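A quick write-up on the structure given underneath.
The values are calculated or read from the model by the stated rules, or taken from the named source; none is laboratory data. Predicted model, so just to flag it, every value in this text is computed and none were measured. As a convention, Cβ positions derive from the backbone with ideal geometry for all residues, glycine included, and neighbour counts pool all protein chains shown. Areas reflect the complete protein model, heavy atoms only, side chains present, ligands, DNA and RNA absent. Shrake-Rupley method; radii C 1.70, N 1.55, O 1.52, S 1.80 Å.
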Amino acid sequence: MDIVVKGRKTEVPERFRKHVAEKLKLEKIQKLDGKVISLDVEVSKEPNPRQADRCDRVEITLRSRGPVIRAEAAASDPYAALDLAADKLEARLRKQHDKRYTRRGNGRISAAEVADHVPGAATLNGNGSVVHDEEPDSVPTKRIGSLEVMGEGPLVVREKTHVAAPMTLDQALYEMELVGHDFYLFVDSETKEPSVVYRRHAYDYGVIHLNTDPMVAQAGADAPGGALGG
């Protein structure tokens, strides 16, 4: 099979014909399509000066026992247009080759091999039934700070421990304003118990006091804790 190069309303220099033979390698084309009958390359020129960047056009036509494959491109010179058209032709030949390869069934894998080639695919046993992953016997437990968390559990972003001297309510309000927070945890100097002051609406404040009761703590050791509100 030879490559036929012709010009439409333009002369085709011998140098360009040699470039066509170097660019369109017949061995490579026949490897992708072994039933090629003819390969034609047509060069044309656009006389419009407004299209100077695309004045040279190259069209490649490949005829075989299958469908005709065409690829064309335009550029500022015929060599660049040929390179673009040749790349398009090769891409379309590879696409046709892959289609034929798939239709023939080459490269197919058995159902037992699907799990090895397809991520996330179900695993089949010898009878063709789906094999389910075994669930763990127990929920994993991990420790986050001072908490023992089962499974995913709550997300503890940060844990802090502060050493604080007992103070009055007025001093706690002053410290809260000083640090610019909406609440402040302190130890009440009168009760020696932990307390929280917090900002409400406008310039109003609230305070929560905790009183330790051994009887309540013992009774609620195995029960969920309550919520504090202000």
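Inspect all residues belonging to the stretch 56-68 and state whether any of them is small (Gly, Ala, Ser), open to solvent by less than 30 Å² (accessible area, probe 1.4 Å), modelled with pLDDT under 90 and not in a helix (DSSP H, G or I). Yes, there is a match, as at least one residue in the stretch 56-68 is small (Gly, Ala, Ser), open to solvent by less than 30 Å² (accessible area, probe 1.4 Å), modelled with pLDDT under 90 and not in a helix (DSSP H, G or I). If you go through the stretch 66-102 and keep only what is under 28 Å from Pro13 (Cα atoms) and of a type in the set (Phe, Trp, Tyr), you end up with just Tyr79.
Restricting the stretch 176-230 to residues that are closer than 21 Å to Ala165 by Cβ and among the β-branched types (Val, Ile, Thr) leaves a set whose member that is modelled with the lowest pLDDT is Thr212.
If I filter the stretch 69-83 down to residues being more than 15 Å from Ile3 (Cα to Cα) and in contact (Cβ under 8 Å) with a residue 40 or more places away in the chain, which single residue comes out as least open to solvent (accessible area, probe 1.4 Å)? Selected residue: Pro78.
Across the stretch 14-52, the number of residues qualifying as open to solvent by 100 Å² or more (accessible area, probe 1.4 Å) and in contact with a strand residue (DSSP E or B) (Cβ under 8 Å, 6 or more places away or on another chain) comes to 3.
Which residues, counting only those in the stretch 32-55, are touching a Leu at 6+ places or on another chain (Cβ under 7 Å) and not in a strand (DSSP E or B)? Break it down stepwise before answering.
Filtering the stretch 32-55 down to residues touching a Leu at 6+ places or on another chain (Cβ under 7 Å) leaves 32-33, 36, 39.
Correct list: Leu32, Asp33.
Please tell me if Glu11 is open to solvent by 30 Å² or more (accessible area, probe 1.4 Å) and either over 21 Å from Ala91 (Cα atoms) or assigned to a loop (DSSP other than H, G, I, E, B) (or both). When the stated conditions are applied, Glu11 passes them.
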